[in-house]
Amino acid sequence: QVQLVESGGGLVQPGGSLRLSCAASGSIPSFYVMGWYRQAPGKQRELVASIGSSGRLNYADSAKGRFTISRDNTKNTMYLQMNSLKPEDSAVYYCNVNSLGVLYWGQGTQVTVSL
């Protein structure tokens, strides 16, 4: 089992920045993809960004140029730096680990972008 704990969410004004963290613990697989997903009220959960164990990056179009995903394998921690935030970025952000099709999820952290 893998346990994931997100942190760093909160309320921020449009144009502001937040940095999300996801700490993984437990039986960490040797190969896995880590990702950030988000879900706004009434909408489906969607991929924001992912990073493979080799460092391969993938971003949703909405995140390109504004968000940066990174991971520190020595700390089993993943980050999402979010800049130039927009009201439409408001959602619960979830950390995900995908190990050869086995999925693990964190409990989510709320991000609200509002005046």
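Diffusion coefficient of the range 15-63 by Stokes-Einstein, Kirkwood radius over Cα pairs, 37 °C, 0.692 mPa s: 257 µm²/s.
Note: the chain, Cα convex hull, 94 Å³ per residue. Extension gain for Phe31-Leu115 works out to 26.1 nm (0.36 nm per residue, less the C-alpha to C-alpha distance). Stokes-Einstein diffusion of the range 1-40 at 25 °C, 0.890 mPa s viscosity, Kirkwood radius from Cα pairs, rounded to a whole number: 198 µm²/s. Per-atom-type breakdown for the chain gives carbon and sulfur 50% of the accessible area (1.4 Å probe, protein chains only). The residues of the chain expose on average 53 square angstrom of accessible surface per residue, using a 1.4 Å probe on protein heavy atoms. Can you return the aspartates and glutamates within cross-link range of Lys64? Criterion is Cα-Cα under 17 Å, with same-chain partners fewer than 8 residues away left out. Within the straight-line limit of under 17 Å, Lys64 reaches these aspartates and glutamates: Glu46, Glu88, Asp89. For the range 69-115, the fraction of C-alpha pairs farther apart than 12 angstrom is 73 percent.
The values are calculated or read from the model by the stated rules, or taken from the named source; none is laboratory data. Since we're looking at a predicted model, the values are computed, not measured. Surface areas here come from the heavy atoms of the whole protein model, side chains and all, with no ligands, DNA or RNA. Shrake-Rupley method; radii C 1.70, N 1.55, O 1.52, S 1.80 Å.
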